[in-house]
Every structure is written in structure tokens, then in C-alpha cells.
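Values in this text are rule-based calculations from the coordinates and carry no lab data. The structure displayed is predicted, hence computed values, not measured ones. Here the Cβ positions follow ideal geometry from the backbone for every residue, glycine too, while neighbour counts run over all protein chains shown.
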């Protein structure tokens, strides 16, 4: 865990508490005065006490020292609100505003108030998100009239159609997880070197999107092509990523329809990767920094629910 | 390693030497007098000496005790002939008979002659097989006039069009490996219980084959559906397998076209699984035992090349 300390007292703590990581910011209003990063994600925490302990360790430096006269508000989004998380924050159902009633969590720490934001679910076809809705809320806080398609790339990439300030529909692709498994644990691990070729990536996106039904055999073709023809450095990695993202773009074609520029919210390198994939299919993209957008969504929630603490 | 011993001396040894396993039979002509099974597959063997040592351990009980007056012939197929195997046996190129010139391997063991059978490669689209061609040779030894489609299910399932005694074209799907990775290492591992529902499997095959382009989002839908709707025992496992095999059947649709009954060569349970998937799409299947068919292919090779030892 690392904590970056600044002078001053925090009013509140913004937390993005996911499956594998806890990331957060000590805030005075909308100003960041400190940052928190730890590996204490949901998967690393055995029970509710462990969540409370992890929270205490994360926010320790910003705990007020005035004997409880002033409380520190904590607003958290992500898997912390899942059934296997700290306390379940029930899903909102699409179509829905990306922000709903928070779940308040009782703790032994009498100097903090903790609120966990709900995720969003879709019944048909079934889909769920936790954390991404808060990023969408952050985007809408800056641009309340935004309508269109938002892409939130990650281990499980979300694609959400937004209109009238609401999430209307969304889908999740396991592309990031598939790429990791295939490139490190499948027979393709022998073919994937650390290099990267942008041109081959773009070509593979086009190929994957044009013939997504061939993906099951195209994947082994990467290995076979390397054995038979050799492969230049970066070819197989770029081809694997391109075929998978191309197939993903075909799978969400109905959400992409008629969208001039997709909003991509994510870590800059990953967002850029998806922007290039969309570009290969002639679709534009506007990038938003994932951490900033999360913070903006948590700030909007804090402003609305702060008075309830 | 287990060796099942019988009376009598072996003329030759039939070996199916793959990535993770070594399986074989001590033979007198076409009669099996002993069986070999070990974990000494290619991946477990560090160098050429290790292959020789593994062979010696496997065939020890059948080594002639007549001071080299009589040699034991070993005929092997599979990954043992790969570049990372014992000795590379160059690929035959489609269209080709499934059997070609063997690679003879010099050993320190002066009482054995070792021949490794070549695999088969296809340049466009690139694809490779090692071991399955010998099973196809076994099928053709019994039915020289067979024409049609052969399915060889496994970690990497092969589909081969046969005509005029030759492999005309083939494709490989990584379905088995994808199922293993997704059900044990991805987020879906939380959803896949040990049970199985045949009806849901068949329905998922139909769905996967009808809309293979949705696979990237349908996979996460298994997890989301379980979270939102619960799932009956066996539902998620059957759905994951069905969607993947359905997508595979769509990917090789051009090979399947016009085929009344696909020949499936494999372990009985897995062969039956693919037969049910084909059945869900209204296509028939005729099953062949994988081990028997491998042995028949190795026997055909032994008969042809035995005189060259």
C-alpha cells in the first residue's frame, strides 16, 4: 500500500474498491490532497472485518484527531458493494440514472461514515456492472446532456448506451480476461512475444470484426501461422489482441450503430488501444481519464448524499 | 506410469506421444499384449536425452533379452515429432495422404529402432496437426473409400475433410482449452458447478451456432445471469460448453456443409459430447474409439515401414 500525504485535513475519502485493488483519494471538497493505492481488493479480503481493517489502514493518515467531533465521510464504488464484498448495495435496473441510493455501512470506527454506491444490472440480456456506473456518473456530471455510447475498457469491458441522463442498455465483453488467459496460459503463450506492431493490430481488428464467427479457429491459426511462416516480433500479440477486440466490436455492433465518436473512459494506454481499434473500423473516439472520471462520479455522489451521513 | 504386462514377446511398440501424455501398446502383429501410460509428454521432457530415457522406461518390460539379435520396432506419432519434441518430423502438406515418410531417430539403445510419423500442415489458412493424421490413417485403413468430415475432439479439436484417401483441408478450434481456462481460471469459475444439464447444453449449442458473433458478450452473460437469476445446478457449465461448441460449429460451417454424418474419433465421453452438439443442429455422427483408431493408424504405418528398420 502507498499513501501520498499532503498538508491539511480531508473532508471525505473517495474510494474505487474493486476485485483486486483499492484506489482512493483524500479530498477537501473537489481538491485531491492525498492518494491511496493498495492490493486490498475484494478477492484479498476474507470477511467483513477484513474490509473494515483494510479501510482503516487505507485512510489512517486522514483520520481526524479531534476525538470524533468531526466525522470523515467515505464514499466507495465497485465490487466492495457485491454480495461477496463488504455489504451488498443492490443493483439499479436499466434504464436508470447511474447513481442511486447508497448503502450505509455500520463500522466499529466511530469517526467515519461509509457509503457504498449501488451497481447497475440489466435483466435482458443479463448483465451487471459495479464501479463503471460511477464513471458514467462522472462523465454526466461534466456533460449532463451527453447522449451516445460509452466504452469502459478493462478486464471486463463495458459498453453502455446513454440517453436522457440514463444508462439505457449495456453489454460486457471478457476480452481483457481472455487476452490475459490466452497469452499467458494457453498454447498461444509460446507465440506471443513482448513486442507490438500497430499496423498488424489494426488489420486484425478489421479481420476480427468482419468475420467474428471464425474466431474459434482464427485463434489457433495464430499459433499455426507462427510455426509455418515464422512471425515478426510483435505480430502474434498484436494479432491476438486485434482479433479479440475486433470480435468484441462485432458483438456490440448494435450499440455502436450511428455513433460518430465513442467516449472511452479508462487508463490512458488502454483507452488509446480501444480508440485505435475503433479507428481501424472508421469510428471516432473521445478519451477520458479513468481515475479522474471515477473521482468526479464519487464527488457527485458525495455532494448529494453528504448531508445524509 | 503404469504398464500392464502380458506373456509373450512384443514385435513392436505403438506410441501416441503427445504434449502431456505418453500412451502406447506392446504389440504382436495387430494384437495388443501390453499397455503403457505415463505423464512423460513433450512438456515434461527437457531435452532429447529425456525423451530417450522416457522411452526406455516405458518399453522396458518388452525389451528383448536376446542380446540384440532381435530388435524392437517403435512407431510413434504426436508432438514427439514437433520442433520442441524429440526429433522434428517435417509436416506433410494438404492435400495429402495422412501418412508419409517417417523420421528415424538414432538412439543409444541398440535394441530398438524408432520411427516418428510426420504431422500434417496447411498453408492457407495456416493450420497444423500432429497425431490426428495417424487416427485418420487408422480410419482409412478400415474404410479406404471413406469420404467426408472427420472430427477429432480434444484440447485443440481438429476438423478434416477427407476425399480420395487424402486430407483435403482442416481447421483447429481451441474450444477444449478455452473451456478449461474459462471454467477454472476466469470469473466464470464462480458460476460453473460440477453438474450438467443435457437440455440446456443442446439449447446453448443452437444459440451459439446461430449467433456466434455474440460469443464475446454471451460469455460474461453466463456470470451475470447467475448473479441476477440464480442458476440451476449444471446450467452454467452446460451453457459455457454449449456456447463454445456452438460457436466452433459455426466457425467450421463450410467444412460441415452437405455432410450427413460426421465421423468423430475420440475418447468415448468427449466423442459423445460432440455427437450431441451436432445432433442439436440436426447433423448425424458416427463414433470411433480414439485409442483403437490411433493403434490402427500406427499399425498401418508399421506394416509399411517395418521393412525399413
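The table that follows gives values for the structure above.
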{"read-out": "Per residue, the convex hull volume that the Cα atoms of the protein assembly as shown enclose (Å³)", "value": "168"}
{"read-out": "Isotropic mean projected area of the C-alpha convex hull, segment B:224-309 (nm²)", "value": "8.6"}
{"read-out": "Using a Förster distance of 41 Å, the FRET efficiency for residue A:57-residue B:232 (Cβ separation, nearest 0.05)", "value": "0.50"}
{"read-out": "Histogram of C-alpha separations across segment B:131-309, 5 Å bin width, %", "value": "2, 8, 16, 20, 18, 12, 10, 6, 4, 2, 1, 0, 0, 0"}
{"read-out": "Helix B:235-251 axis, angle to chain B major axis (alpha carbon atoms, nearest 10°)", "value": "70"}
{"read-out": "Cα coordinate range in chain B, projected on the principal axes (Å, largest first)", "value": "71, 41, 34"}
{"read-out": "Approximate spin-label separation residue A:65-residue B:267, in nm, with each point projected 7 Å along Cα-to-Cβ", "value": "6.5"}
{"read-out": "Spacing of the two label points (7 Å from each Cα toward its C-beta) at residue A:164 and residue B:286, in nm", "value": "6.1"}
{"read-out": "Test item: B:171-183 mean partner chain Cβ contacts at 10 Å", "value": "5"}
{"read-out": "Nitroxide proxy distance, nm - points 7 Å out along Cα→Cβ at residue A:304 and residue B:90", "value": "7.0"}
{"read-out": "Teacher prompt: residue B:106 distances to equivalent labels in other copies, 7 Å Cα→Cβ, nm", "value": "8.1"}
{"read-out": "Crossing angle, helix A:132-142 versus chain A [Cα axis fit, 0-90 degrees, rounded to tens]", "value": "80"}
{"read-out": "Segment B:1-121 shape via C-alpha gyration tensor axes, a/c threshold 1.5", "value": "prolate"}
{"read-out": "Where Rh is the Kirkwood radius over Cα pairs, Rg/Rh for segment A:26-79", "value": "0.98"}
{"read-out": "0 to 90° range, to nearest 10: angle between helix B:48-59 axis and chain B longest Cα axis", "value": "80"}
{"read-out": "Identity and axial distance of the chain A residue whose Cβ lies nearest the axis relating A to B, Å", "value": "A:181, 2"}
